[in-house]
1. Which one of the conditions (1) touching a residue at least 24 places away in the same chain (Cβ under 8 Å); (2) outside any strand (DSSP E or B); (3) under 30 Å from residue 29 (Cα atoms) does residue 106 fail to meet, given that it meets all the rest?
2. I'd like the full set of residues that are in contact (Cβ under 8 Å) with a residue 40 or more places away in the chain, touching a strand residue (DSSP E or B) at 6+ places or on another chain (Cβ under 8 Å) and under 30 Å from residue 91 (Cβ atoms), limited to segment 1-18.
3. Report, by residue number, each residue of segment 156-177 that is surrounded by 13 or more Cβ atoms within 10 Å (Cβ to Cβ) and touching a helix residue (DSSP H, G or I) at 6+ places or on another chain (Cβ under 6 Å).
4. Kindly evaluate residue 119 against the criterion of being in a helix (DSSP H, G or I), under 15 Å from the mean Cα position of the chain (by Cα) and free of Cβ contacts under 8 Å to residues at least 60 places away in the same chain.
5. For segment 124-155, enumerate the residues that are surrounded by 16 or more Cβ atoms within 10 Å (Cβ to Cβ), in contact with a strand residue (DSSP E or B) (Cβ under 9 Å, 6 or more places away or on another chain) and part of a helix (DSSP H, G or I).
6. Among the residues of segment 156-175, which ones are outside any loop (DSSP other than H, G, I, E, B) and over 21 Å from residue 113 (Cα atoms)?
7. Only one of (1) in contact (Cβ under 8 Å) with a residue 12 or more places away in the chain; (2) under 26 Å from residue 132 (Cα atoms) fails for residue 46. Which number is that?
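Where a number appears in this text, it was derived from the coordinates with a stated rule and is not lab data. Predicted model only: the values in this text are computed from it and were never measured. Every residue, glycine among them, receives a Cβ derived from its backbone with ideal geometry; neighbour counts consider all protein chains shown.
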């Protein structure tokens, strides 16, 4: 059995550069990112290898899945990205500092750690549903942060596959058992 993980294609929404932004600006940036279109690319996979395709119900993942997989794409809310941490305050910071703070929240922010636990339960539910349908090769299109935790769960369930810190957009990562 193989599980192929693919991160959605790059989103057509640039990072704010050259200026400092507030927490409210960052919240708006995330909302705009979620609503933005994708930049279509290619994913190196042979579609005939995959019997099923599941994806997050967020538009960037759905569009990617439909572009790379010719069959029916099953949308799953459980495969959604982990929400960004709560952003507050009036301080203006360069985008890169906000990005570093957001990454560190998985270690220091109680609410973010709770969101990660919820995401881990969602991943388990999705994988349980997928595996309940029998042994077959399955393609899953999702998001960068969620894929880190999905990889951990696949390894825990006896799969072997590549390591990655941040999955590349549109790249196939194959896990086998």
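1. (1)
2. 10, 11
3. Across segment 156-177, the qualifying residues are 167, 175.
4. Yes: the conditions hold for residue 119.
5. Selection gives 126, 127, 130, 144, 146, 147, 150, 151, 154.
6. 160, 169, 172, 173, 174, 175
7. (1)
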